[in-house]
């Protein structure tokens, strides 16, 4: 089987037109299909590729990305006092769960299973829901602890100039410098 089990191509929909995926995206899709085709043992053991069209709100996806990136990292760095380097993935995931449990609800450990009794951020389908969630997070988890909350406007301006990964790195390094100075 191919290394990647799924691939996404995006159509940009405007009121007056539909902009198809870039030629590079379509080429990547074709290469992915050919990779799958090379792994098929015989004609009677075929594979099926499911195509699902799903409408995505770019602003909601941007806020989700901001929460799962800079917001979680800012909280983790300040809670765990990480003064340099990247946040380890496992620690990032644990702090994300802590935040979600504290702000959205909790999980109950039952005999043989865990039952989730909290909302999910995947239910947030409009920007106002995300705004309210991030404001609640800022007011309940960051401010009471004296933690700095990332500036979303500054972050997205930096992202336009440097790309997401580099903007995140620059933002994190700036926080770590400010936090180290504050600790002295």
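Values quoted throughout were computed directly from the atomic coordinates according to the rules given, and no laboratory measurement underlies them. These numbers were taken from a predicted model, which means no experiment stands behind them. Quick reminder, even Gly has a Cβ in these numbers, built from the backbone with ideal geometry, and neighbours come from all protein chains shown.
Tabulated data for the structure shown
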quantity: Full-extension gain in nm, residue 10 to residue 136, via 0.36 nm per residue minus C-alpha separation; calculated: 42.2 nm
quantity: Most mobile of 74, 95, 53 in a GNM of the chain (Cα contacts under 10 Å); calculated: 53
quantity: Acute angle (nearest 10 degrees) that the helix 23-39 long axis makes with the longest principal axis of the chain, alpha-carbon atoms; calculated: 70 degrees
quantity: Distance (nanometres) between label positions extended 7 Å along Cα→Cβ at residue 62 and residue 157; calculated: 1.4 nm
quantity: Estimated [θ] at 222 nm from DSSP helical runs (n ≥ 4, -39500 (n - 2.57)) normalised by residues in the chain, nearest 500; calculated: -16000 deg cm²/dmol
quantity: Alpha-carbon centroids, region 122-154 and region 1-70: separation in whole Å; calculated: 30 Å
quantity: The chain, relative contact order [Cα under 8 Å, separation at least 6], %; calculated: 20 percent
quantity: Equivalent ellipsoid semi-axes - Cα gyration tensor, region 1-55, angstrom; calculated: 28, 12, 8
quantity: Highest-fluctuation residue, 64, 138, 54 considered, GNM on the chain with Cα pairs under 10 Å; calculated: 54
quantity: FRET efficiency, residue 101 to residue 44 (Cβ-Cβ, R0 35 Å, nearest 0.05); calculated: 0.10
quantity: 0 to 90° range, to nearest 10: angle between helix 164-183 axis and the chain longest Cα axis; calculated: 10 degrees
quantity: Acute angle (nearest 10 degrees) that the helix 152-162 long axis makes with the longest principal axis of the chain, alpha-carbon atoms; calculated: 50 degrees
quantity: P(r), alpha carbons of the chain - 10 Å bins starting at zero, rounded %; calculated: 7, 25, 28, 23, 13, 3, 0
quantity: Normalised contact order of region 24-131, rounded percent, pairs of Cα under 8 Å and 6 or more residues apart; calculated: 23 percent
